[in-house]
Structures are given as C-alpha cells and as structure tokens.
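The values are calculated or read from the model by the stated rules, or taken from the named source; none is laboratory data. Note that this is a predicted model, so its numbers are computed, not measured. Here the Cβ is made from the backbone with ideal geometry for all residues, glycine too, and neighbour counts use every protein chain on show.
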Amino acid sequence: MALRVSGSALLLALGKGAVGLATGSIAVLSSALDSAGDVLASFANFVFLTIAAKPPDENHHFGHGKAENLASMLQGVILLAGGAFLAVHAIERIRRPRPIESSYAAIGTMVASIVATILITTYLRRNALRAESSALAADSIHYTSDIISNLATIGALVLVRWTGNPVYDSLLGISVACWIGWNSLYVLWNAAGDLMDPALPEEEIEKIIEAIEHSDPSVIGYRNLRTRRSAGMRFIDVELCIDRGISFETAHELTERVKDRIREQFPKVIINAHAEPV
C-alpha cells in the first residue's frame, strides 16, 4: 500500500516539477518539492512498515513495531528540511523577482494535483484507522498539508495573473513553507511521544478495568496495571487479585477468562496477567 502511494506521489512530483520549471513559478516548484518529499516519506513508510510487520525474534521479543515510529520521525525530518529549503528559496526570489509565464497551465496542474491528493489522503486515512498505524496516520497528515499547500499555490498564481506582480508567488511560497514546518513539528512530536511508550488512552484503560471487574466475583481487583501500544498492537501487564480460597486450576481459568474479555475489546493485544491470592 505504501509503495502504491509512493508511486502516485512520484507522478505528481514529476508533473508539477515540469510545469514549475516551464512557467518559472516558485509556488508550483515548492509544491513539486513537497511532492518529492512525499515520495521519500511514502517509500520510507513501505520500508519501515515491512520491518514493523516482522514477527518477534530472539533479539526483539516484543516484535518490530517501533519501526513505525521511526518512519514517522523520518517523515517529520523530510518535511522540516523541505520547508526550510523552500523558505530560503522564496526569500531569495523576493530579492530577485522573475516573471511567471503560462499561469493558466500552472493553475490547471495544481487543480489536478488537489484532486489526486484528496484521493490519496482518503485512502491513507481509511487504512490508517483500520490498521491503527501511526506511520500511515503521519503520511495522511503529510498529504493533507499538501492540499492546503496546493490551494495556497493556486491563490498565488491567480493573484499573479490578476496583478502581474510575481511577489505574491514568493509570499505564498513562504506561507506554504511555514505550513510545512508546522506539520513537520507536529509529526515529530507525536512520533517522539510514541517512542516514549505512553499509557493507552483513558477510555481504553477504563474498558480494561471494566473487563477485569465484571469477569467473575472471585476476581476481587487488580494491581500494577501497565499499558502501552506499538504499531497498533496493545501490550497489557496486570496482576489479578483472586480469592485465595479457590484452587490453582480455577485461578488459572479465571485469569484466562479475564484475558478473553479484554481481547473482546482489543483484538490486537498481548496480555501478561499474573494471579495474586488475596
């Protein structure tokens, strides 16, 4: 899937790059640069998602899911570098303006790019929700920023066409660079946060507690509940407080019953539950 998205982004980057060079539009070239970053980011997703899908081995007992977070961080770095390059180039164009030609062709290219990017974003969001993938979610944010960038580019080209002043092209280019920079920091912040292994959201923890408390009267409570998530897989560690008057076999059955109730809420989950007699 990520490889297909990468191929689509490559076609967009080549088309916008050719039109940008032909028309001399810094806004179109900036959009082409952004699409080139999309190619790298989506291909990185393909590589890292392939790694993340590998099963646990003797050196990675909990799997390779953190590769998704590395993919998100790489996307953020690519976005940030592209935004900085674009801002410098746009400022230089303000100092040394150039005329922009054939703006109708440029506008038509950007409209077609918006339509294609909306389709890609919808595809990514649907699959990110289905797979609970942070890397695909970051990629969808990336492409959503492209839609805003392309709309700004069209606005710049229309203003240049009406006024004949190419400075609007550079000013909108700087605006796009700021937008890209903001989104890159957002992606980096989220990726870094996931690498720190935060607990599951409060509403998910409440579902876990409810599954424990409603499993059986002999399960009196719980201790040391710890949770985290990696690449859509949830990891839960918990000590179950079970009536000491029941047999070891029954305590084991109750533990498995609790785990089954939790799996009903979260199909992709690894549970480490330990029974404590009380």
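Data overview
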| read-out | value |
| --- | --- |
| Restricting the range 234-249 to residues that are surrounded by 12 or more Cβ atoms within 10 Å (Cβ to Cβ) and acidic (Asp, Glu), the residue that is nearest to ALA191 (Cα to Cα) | ASP237 |
| Breaking point among (1) closer than 19 Å to VAL269 by Cβ; (2) without any contact (Cβ under 8 Å) to a residue 12 or more places away in the chain; (3) assigned to a helix (DSSP H, G or I), for PRO56 | (3) |
| ILE262 surrounded by 14 or more Cβ atoms within 10 Å (Cβ to Cβ), in a helix (DSSP H, G or I) and modelled with pLDDT of 90 or more | yes |
| Selection status of GLU264, free of Cβ contacts under 8 Å to residues at least 12 places away in the same chain and out of contact with any helix residue (DSSP H, G or I) (no Cβ under 6 Å at 6 or more places or on another chain) | no |
| Residue within the range 30-40 that is at pLDDT 75 or above, within 22 Å of the chain's Cα centre (by Cα) and crowded, with 17+ Cβ neighbours inside 10 Å present | no |
| Residues of the range 70-87 satisfying the condition of being farther than 16 Å from LEU185 by Cβ and either at pLDDT 80 or above or in contact with a Gly (Cβ under 6 Å, 6 or more places away or on another chain) (or both) | LEU70 |
| Condition met for SER184 (over 16 Å from the mean Cα position of the chain (by Cα), part of a helix (DSSP H, G or I) and crowded, with 19+ Cβ neighbours inside 10 Å) | no |
| Residues that are at pLDDT 90 or above and in contact with a strand residue (DSSP E or B) (Cβ under 8 Å, 6 or more places away or on another chain), drawn from the range 201-219 | GLU204, ILE205, ILE208, ILE209, ILE212 |
| Residue tally, condition in contact (Cβ under 8 Å) with a residue 12 or more places away in the chain and either closer than 17 Å to LYS268 by Cβ or small (Gly, Ala, Ser) (or both), over the range 194-237 | 23 |
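Okay, residues lined up against (1) of a type in the set (A, V, I, L, M, F, W, C); (2) closer than 21 Å to CYS178 by Cα; (3) touching a helix residue (DSSP H, G or I) at 6+ places or on another chain (Cβ under 6 Å):
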| residue | (1), (2), (3) |
| --- | --- |
| ALA41 | yes, yes, yes |
| THR50 | no, no, no |
| ASP57 | no, no, no |
| HIS64 | no, no, yes |
| LEU79 | yes, yes, yes |
| ALA84 | yes, yes, no |
| GLU92 | no, yes, no |
| ARG95 | no, yes, no |
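Every residue, every condition in (1) assigned by TED's automatic domain parsing to the domain that holds GLU68; (2) among the charged types (D, E, K, R); (3) surrounded by 14 or more Cβ atoms within 10 Å (Cβ to Cβ), yes or no:
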residue: ILE220; (1), (2), (3): no, no, yes
residue: ARG223; (1), (2), (3): no, yes, no
residue: GLY232; (1), (2), (3): no, no, yes
residue: ALA251; (1), (2), (3): no, no, yes
residue: PRO267; (1), (2), (3): no, no, no
